[in-house]
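The values are calculated or read from the model by the stated rules, or taken from the named source; none is laboratory data. Note that the coordinates shown come from a computational prediction; the quantities given were computed from them, not determined experimentally. Cβ atoms come from the backbone with ideal geometry, glycine included; neighbour counts cover every protein chain shown. We work out accessible area using only protein heavy atoms, side chains counted, and drop any ligands, DNA or RNA first. Shrake-Rupley method; radii C 1.70, N 1.55, O 1.52, S 1.80 Å.
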Amino acid sequence: MNSSYDICFVASEMYPFSKTGGLADVIGILPLTLHNLGYKVCVITPLYGRLATSEFSPHLAYEDINVGYPWPEISADVYRASYYGLPVYFIDRGEYFDRRYYYNTHKGDYFDNCERFIFFCRAAMALMKKMGSPPKIVHSHDWHAALVNSFIHYNKRHDSFWADTSTMFTIHNLAFQGRFSVRLFWDSGLPYEAWTMNGVEYYDSFNLLKGGITHADLVTTVSPSYAREILTTEFGCGLEGILKTRSTDLTGILNGADYSVWNPANDKYLEENYSLDNPQGKIVCKKNLIEILRLPPRLMDRPILGFIGRLRSQKGIDLLLEIIPDLVDKDVGVVVLGEGGAEYEAQLLNMVELYPHHISGVVGYTEEMAHKIQAGADIFLMPSRYEPCGLTQMYSLRYGTPPIATAVGGLKDTIVPFPDEKSTGFIFENPTSSNLFRTLEDALVLFKDKEEWKKLQTRGMKADFSWNRSAEMYIKAYQSLGYQQIDDTKDPKIVSDVI
Ligand code: ADP
Ligand code: GLC
């Protein structure tokens, strides 16, 4: 089969096939948006044991593709699905990807994560060669896929197939770098010269994400503010130095929201749909949330605060847990959905036990509950210590659930803070529990003023973070690498027409 693509996305998660967080949401919509705009795009991603959806039935496209050194005997099967017309290629090798979890169990990371993702990147390289003509752009995401940049960088020297391929690497979260022992560097098949501080070496460890930064032609991250923040020691996670050397090739492109999935007007998980013109359904959703979480019905008349996210210090869950007794004193409801740190999970469940009439905690991962909380809560909490972009606050705006968030990264770039005639939510500096509480008090005062609250909700629901705008910026970034859409079956003007 000869299938050639101009732009190949390589990423470890893609909604609705796999998901642990926002990366999956982005890969589920950005390439599809480009595809719908007429670009020849495909996605390459692992075939995890249990695909999260049984739709789109992937079928075997290539059997036994050899991934090459250092495992000459090891090959991958590749499955293909059409996701609303977008080709998605799944790299299959059961021993690496057919597992209960994606990257770690409760006890820690899988011991062979480095090997798994060396394998994934090498298989992606082999697949791209197998598919026919070379891609013009390989766009990879986060540490799991970063090695393709390093491979292409070095392969160009001896393999003319890659001569005209440019690479773009998007950092969704700098804190996850994929750092491993030097021993594993030798397994990667990278040449010895890659083992330098301008390559993949980081204080004697093998740093996969660093290779993405040093070897990609262009590096992007997911909001303009985060692109600036990661050049500082506070947010650079030790890579600020190397990022500074690439600062002219580093840009921040704000993520969008997929309104075909995250829109209260047609959300399949809601008890009743609603919109700006027909807002009654939000009250029904609140009632439904209270019922399914077995909270007291009287909370219908009190504000309910919602939190959805990984229970990690990044998300500031500890700040929320600290103020729960004060929130109970204020007689507000709190609903938390998340999983992650065992200690935070235990603290949350402890709070639920102490204050069952005010707090409800769902420990686990459930797409349906995430939608129900977005719709049923009155206020959305996002007290992150850092936030590359953040998608849940964008969703909460659309669901008429104004966010309270810290002044970091994409939160700053997406929320207009109160007080302002254009405000859509509340922002506070310095992530401390007392700052969170003070800001919440401001929000609760405004919440009592039904008219003003309605205006705040309305502005948020009207805010538009459609992907077309972000996709256009990615197209410009591809063009800056020399990419021109040659086979335009569609007029490229369409890109600006839809904005
Ligand atoms: P991050 O990628 O840092 O986790 P984002 O705000 O970008 O944060 O995206 C998080 C995505 O993961 C959203 O789609 C959110 O609804 C989803 N999510 C997070 N935690 C859960 C959970 N426990 N159950 C269901 N969905 C979740
Ligand atoms: C990461 C970030 C989050 C971002 C998401 C998608 O997981 O933590 O802020 O929205 O990637 O880019």
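Whenever a residue of the range 369-383 is free of Cβ contacts under 8 Å to residues at least 12 places away in the same chain, it has no partner that is within 13 Å of ligand 1 (Cβ to nearest atom) and open to solvent by 10 Å² or more (accessible area, probe 1.4 Å) lying with C-beta atoms less than 7 angstrom away and at least six residues away or across chains.
With respect to the stated conditions, S205 is at pLDDT 95 or above and over 24 Å from the mean Cα position of the chain (by Cα).
Might you check whether a residue that is aromatic (F, W, Y) and more than 23 Å from the chain's Cα centre (by Cα) occurs anywhere in the range 128-150?
Within the range 128-150, none of the residues are aromatic (F, W, Y) and more than 23 Å from the chain's Cα centre (by Cα).
Just one of the listed residues (E240, E229) is of a type in the set (D, E), in the same structural domain as K156 (by TED's automatic domain parsing) and within 16 Å of ligand 2 (Cβ to nearest atom), namely E229. Being modelled with pLDDT under 95 and surrounded by fewer than 21 Cβ atoms within 10 Å (Cβ to Cβ) holds for only one residue in D187, D249, and it is D187. Can you spot a residue in the range 55-74 that is at pLDDT 95 or above, within 16 Å of ligand 1 (Cβ to nearest atom) and either closer than 22 Å to F161 by Cβ or in contact with a Pro (Cβ under 7 Å, 6 or more places away or on another chain) (or both)? No - not one qualifying residue is present in the range 55-74.
Taking the range 272-301 as the range and being outside any helix (DSSP H, G or I) and either crowded, with 17+ Cβ neighbours inside 10 Å or modelled with pLDDT under 95 (or both) as the test, the residues that pass are N273, Y274, L293, L295. Looking at the range 72-187, the helices (runs of 4 or more DSSP H) lying wholly inside it that each contain 2 or more residues that are of a type in the set (S, T, Y) and in contact (Cβ under 8 Å) with a residue 12 or more places away in the chain sit at 142-155. If the condition is being within 11 Å of ligand 1 (Cβ to nearest atom), crowded, with 24+ Cβ neighbours inside 10 Å and in a loop (DSSP other than H, G, I, E, B), then the range 4-47 contributes only E13.
Scanning the range 31-46 for residues that are closer than 16 Å to S140 by Cα and in contact with a helix residue (DSSP H, G or I) (Cβ under 6 Å, 6 or more places away or on another chain) yields L34, V41, V43, I44, P46.
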